[in-house]
Structures are given as C-alpha cells and as structure tokens.
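The structure under discussion appears below in the form of structure tokens.
The values are calculated or read from the model by the stated rules, or taken from the named source; none is laboratory data. Values in this document were obtained by computation on a predicted structure and should not be read as measured data. Virtual Cβ from ideal backbone geometry, glycine too; neighbours counted across all protein chains shown. Each accessible area value is taken on the protein alone, full model and side chains, heavy atoms only, with ligands, DNA and RNA left out. Shrake-Rupley method; radii C 1.70, N 1.55, O 1.52, S 1.80 Å.
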Amino acid sequence: MPTNVTAEYLAAEEEYRRAKTIPEKIRALEKMYALVPKHKGTEKLRLQIKRRLAELRKELEKQRQQKKGGGYSLAVKKEGAAQIVLVGLPNVGKSELLRALTGVDVESADYPFTTTEPIPAMMKHKDVQIQLVEVPGLLEGAALGKGMGPQLLAVIRNADAIALVIDLTEDPIKQMEILLREFERAGIKVNKRRPRVEIRKTPSGGIVINGAENIKGDINEVMKMLREEKIHSAEITVKEPVTLEEFADALDESLVWRKAIIIANKGDAPGSKENYEKLVKAYGDRFKIVPVSAKKKINLDAVKEALYDVADIIRVFTKSPGEEPAYPPIALRKGATVIDVAERIHKDLVKNFRYARVWGKSVKFPGQRVGPDHVLEDGDIVEIHAR
C-alpha cells in the first residue's frame, strides 16, 4: 500500500471492506479509484482496483442473468442503416426530439417517465434510413440495478452509436457525470478506441508477446492478468504503446466501444446559453455538441447531420454497364469494400466476381478498375463485373 494516499482514500477503502453487496462494493471501489494519487508508484494499485471493478461488474451481470433466465428484456430489433439510441436523464425532452426528427406520434410531457419502454422510429437523411431509439430516462444507480436500469443499458450497449440528450435548463455537467458514470459501470466506453492489442489463443506454445516494448509497465503484471483470464497459450500482438490499464481493457471482452454525440436540448430557454457554454468548455474536446430546440424545431438539420456522421455509414450507388446509377443507394459501414456491395446485391456476384469499376472519392480517376478488397467512400458508384 503506498504511503501517500489520502485520508479520503483510506475511508473509501474501509467502506469497501465493510460492503456486503456487489453494488456497495462497486461504489466504494469507484471512490478508491477516483481518490488514489496518479503516479508511477500507484500504477499497480490502480490496475488492481480497475480489475476488481471489472470482475464485480461481470459478477453482477451473471446474477441478473440467473434470475428468471435473465429477466424482462427491452431489446429492440435493429432496422435501417444503423441504430442510434437517444439517452438522457428523465424529462430532458427525448420524446419531443424523437418526434421532431422522425415524425413519429409519441407522447411527450413536462414530467418525468412519460416514456416507459424503448421507442424506435426511422429518420431519413441523405437517402438513408437510420433507426433512432428513445430509451426511458436513465437514473443515477441504473447500472447497479435501480429501476429498469440494467435492461435499458443493455439496449444502449447493443446500439451502433449513442446520442446523449442534455437539458440546457438544468446543470449540464451533473447530467453528463451521471450518464458517463452509469456507462462506465455498464462497461460502455464512449468516444474511446479499443487499444490495438490482438490476442489469438493457440492450443500450445505458451504466451508469445509481439511488440512487448509497447507495454508501458511491468510485464509480470501482464502475465498475471493473462492467468486471471485463463489464457495460458496465445500469440499477443501489441500494435501501439499501451499502459497496463489499457492492456486490461483490451483483455476485457465485456466492454463495448461506442461513438457518441451530445444533443443539447431546450436551447431556446432562458439561461440555456450559459449552460451550453459550460458544456462546451467541459466536454467540447471529447464530443461533438449540437444545440437544438426540439419544441420549436430549431437546428434539426444540424442534429440529423451529426447523427448521420456518428452512425459511421456510407452510401454506395450501384449501376449496370451502360446504365445510370440505381436509386436508392446501399448503406454500408465505413470501411466497407467492393465485395461487401456484391454480398448485399446477390451471393452469386460474390461467387462469380471478376472485377469492379468505381466512380467517386475512393479512386484516382472515374471508372477505375478495382478488386474485391477496394475500400469505398461515401457517394461512390460501383459497377460489378462477374463471370
């Protein structure tokens, strides 16, 4: 135990020792992690706390799944090019925003919990249908079992991206702190990238680490983590510098990594300008923040564009030789290739693929001949030639 921890840290440690339930232990460990001094001498302690938090999170989820076969599910089937959830505290205007963006007839009122279950609706933008899902207001303590929190967070984990809806008539920083804390507890990493650590389990040969020099910490701690995860034989490739905590995140298969934006609602209300400025100052470096008034339908086009961008999709138009491009376009995830287009059209095109011609941003000249692995960009036109 480092000698320079604070009295507040020691109090949190005592709280952890006395905790009887998993939620109580998680709360105490979160306090310990926040209070431990950050320097090289406390690196192992921070790692131990983080690993224990991950174990407790998995244990809590396992307990929930065992109760009544996992309990009541709020799962929403994915439709359209991508699924984006609208998440916020109660009464921030999510229902009004959903109606303004999609035209769906959804009840909204100036009191909490008008929405009692997820509501999906389709938003059309740039010839693409994107599914928006409004989830009921998230409460502090949701990830630890409060209300329908675990079920709501399961819906959020399953989505392709997240839109955090913040009420500019209330303290925006407090709202963000609550939401981000619940996401962290639920294993949802927002606007962070999974560390570039590849782990390929092998039947024998022990642990082989390629790029071990990229691990910024004690390699013995890495081996300990691998043993705890019951990984005894694997080839591990570390492609970028990582701390021990980042390596632990790469090992944790329960984590999901999602892109997110902030929709700052009620921007027409008194005092909203000051709260918007606070929000930008605190989170503008990490999130794209779009001010809006769902009630007065102000700045909706900017919101739609931001939702389209965070969905990470591209539109690809297809054409047959000698014909004009077909409409509507095919929506694909960023990074999609020509063969992905062929798969969407017909499996025989994949089987009999010869080459493709592409017009657009991804090629050097119009009609360039490309192979199946050519990566496409938004707005490209693809003409596939098969045997």
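Quick look at the numbers
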quantity	calculated
Lone unmet requirement of (1) modelled with pLDDT of 90 or more; (2) within 20 Å of the chain's Cα centre (by Cα); (3) not β-branched (Val, Ile, Thr) for GLU170	(2)
Only one of ALA269, ALA331, ALA306, ALA326 that is of a type in the set (Gly, Ala, Ser) and either in contact with a helix residue (DSSP H, G or I) (Cβ under 7 Å, 6 or more places away or on another chain) or at pLDDT 95 or above (or both)	ALA306
Residue list for the range 333-387, filter: among the aromatic types (Phe, Trp, Tyr) and more than 24 Å from TYR308 (Cα to Cα)	PHE353, TYR355, PHE365
Failed criterion for THR102 (all others in (1) within 21 Å of MET148 (Cα to Cα); (2) modelled with pLDDT of 90 or more; (3) crowded, with 17+ Cβ neighbours inside 10 Å hold)	(1)
Test for ILE49: is it out of contact with any His (no Cβ under 9 Å at 6 or more places or on another chain), within 20 Å of ILE219 (Cα to Cα), hydrophobic (A, V, I, L, M, F, W, C) and open to solvent by less than 50 Å² (accessible area, probe 1.4 Å)	yes
Residue selected from the range 180-190 under the condition within 13 Å of the chain's Cα centre (by Cα) and more than 17 Å from LYS58 (Cβ to Cβ), by the criterion most open to solvent (accessible area, probe 1.4 Å)	LEU180
The lone exception for TYR111 - which of (1) surrounded by fewer than 16 Cβ atoms within 10 Å (Cβ to Cβ); (2) under 29 Å from ALA161 (Cα atoms); (3) at pLDDT 85 or above it fails	(3)
Among residues of the range 124-135, those that are assigned to a loop (DSSP other than H, G, I, E, B), in contact with an Asp or Glu (Cβ under 9 Å, 6 or more places away or on another chain) and open to solvent by 10 Å² or more (accessible area, probe 1.4 Å), counted	1
Residue within the range 259-273 that is closer than 30 Å to GLU61 by Cβ, open to solvent by 70 Å² or more (accessible area, probe 1.4 Å) and part of a helix (DSSP H, G or I) present	no
Filtered residue count, the range 357-372, keeping only those that are more than 15 Å from GLU323 (Cα to Cα) and under 34 Å from the mean Cα position of the chain (by Cα)	8
Those residues of the range 274-319 which are in a loop (DSSP other than H, G, I, E, B) and open to solvent by 60 Å² or more (accessible area, probe 1.4 Å), in sequence order	ASP285, ARG286, LYS288, LYS295, LYS296, LYS297, ASN299
Residue match in the range 136-158 (condition: farther than 17 Å from SER254 by Cβ, out of contact with any Ser or Thr (no Cβ under 7 Å at 6 or more places or on another chain) and modelled with pLDDT of 95 or more)	no
Tally of residues being in contact (Cβ under 8 Å) with a residue 24 or more places away in the chain, open to solvent by 10 Å² or more (accessible area, probe 1.4 Å) and in a helix (DSSP H, G or I) across the range 165-174	1
Residues of the range 10-45 satisfying the condition of being open to solvent by less than 40 Å² (accessible area, probe 1.4 Å) and either more than 30 Å from ARG64 (Cβ to Cβ) or aliphatic (A, V, I, L, M) (or both)	ALA12, ALA19, ILE22, ILE26, ALA28, LEU29, MET32, VAL36, PRO37, THR42, GLU43, LEU45
Count of residues meeting criterion [charged (D, E, K, R), open to solvent by less than 70 Å² (accessible area, probe 1.4 Å) and within 13 Å of ARG51 (Cβ to Cβ)] in the range 216-247	3
Looking only at the range 248-257, and only at residues there that are part of a loop (DSSP other than H, G, I, E, B) and not hydroxyl-bearing (Ser, Thr, Tyr), the one that is surrounded by the fewest Cβ atoms within 10 Å (Cβ to Cβ)	GLU253
1 or more residues more than 21 Å from ASP160 (Cα to Cα) and open to solvent by less than 70 Å² (accessible area, probe 1.4 Å): qualifying strands (runs of 3 or more DSSP E) within the range 320-387	353-359, 368-370, 381-386
Strands (runs of 3 or more DSSP E) wholly inside the range 195-239 containing at least 2 residues that are basic (Lys, Arg)	197-201
In the range 82-93, the residues that are open to solvent by 10 Å² or more (accessible area, probe 1.4 Å) and in contact with a Leu (Cβ under 8 Å, 6 or more places away or on another chain)	LEU89, PRO90
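Every residue, every condition in (1) under 13 Å from ILE314 (Cα atoms); (2) acidic (Asp, Glu), yes or no:
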residue	(1), (2)
GLU343	no, yes
HIS346	no, no
VAL350	no, no
ARG357	no, no
PHE365	no, no
HIS374	no, no
GLU377	yes, yes
ILE381	yes, no
HIS385	no, no
